[in-house]
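The values are calculated or read from the model by the stated rules, or taken from the named source; none is laboratory data. Predicted, not measured: the structure shown is a model, and the values here were computed from it. Cβ placement follows ideal geometry from the backbone for every residue including glycine, while neighbour counts extend to all protein chains displayed.
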Amino acid sequence: MKKHVVASTAEIPPGARKLVTVAGRPIVIFNLDGNFFGLFNRCPHNGGSLADGIVTGLVRSTEPGTYTYCRRGEVVRCPWHGWEFDIRTGQSFCRPGDLKARQFNIEVADGRDIVEGPYVAETVSVRTEDNYIVVEV
């Protein structure tokens, strides 16, 4: 699969997201405490934009009247019908057995590795200061 540089890590701070287009595909990249995850920007239920969804957590209950809020900031809710998806895996919380948001492999690559590449050209002194987010499609 071909790799594409889409943003620097500084462009997507923890808790933020960024919508990018890679090879014609809209992909929303989420930063969860310095870990980056990519989901296809279409809810598999009915096509809503996950980039426009609310990022939330889960409410769990062990018995009636007892609730806990967990996984804060790890769930995206589709703005159209409220279907929720795990940002880390794409798994649906509405139909966990058979529905997932398409996930893309995301890696953070050192800028020096991207700049060096197999290229031959006139060179000038260059310094790399940031890391960049790379999407594999």
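Looking at Gly53, Gly65, just one residue is more than 10 Å from the chain's Cα centre (by Cα), small (Gly, Ala, Ser) and at pLDDT 95 or above, and that residue is Gly53. Checking Gly82, Gly90, Gly48, Gly97 one by one, the residue that is over 26 Å from Glu129 (Cβ atoms), of a type outside the set (Ser, Thr, Tyr), buried (at least 19 other Cβ atoms within 10 Å of the Cβ) and out of contact with any strand residue (DSSP E or B) (no Cβ under 8 Å at 6 or more places or on another chain) is Gly48 and no other.
Which residue out of Gly82, Gly47 is part of a loop (DSSP other than H, G, I, E, B), within 21 Å of Arg25 (Cα to Cα) and small (Gly, Ala, Ser)?
Values: Gly82 fails: within 21 Å of Arg25 (Cα to Cα).
Result: Gly47 is the single residue among Gly82, Gly47 that is part of a loop (DSSP other than H, G, I, E, B), within 21 Å of Arg25 (Cα to Cα) and small (Gly, Ala, Ser).
Among the residues making up the range 18-41, a single one is in contact (Cβ under 8 Å) with a residue 40 or more places away in the chain and among the basic types (Lys, Arg): Arg25. Residues in the range 1-17 that are of a type in the set (Lys, Arg) and in contact (Cβ under 8 Å) with a residue 60 or more places away in the chain were compared, and the one that is nearest to Asn131 (Cα to Cα) is Lys3. Residues in the range 53-79 that are out of contact with any helix residue (DSSP H, G or I) (no Cβ under 7 Å at 6 or more places or on another chain), closer than 19 Å to Ile29 by Cα and surrounded by 14 or more Cβ atoms within 10 Å (Cβ to Cβ): Gly53, Val55, Thr56, Gly57, Arg71, Gly73, Glu74, Val75, Arg77.
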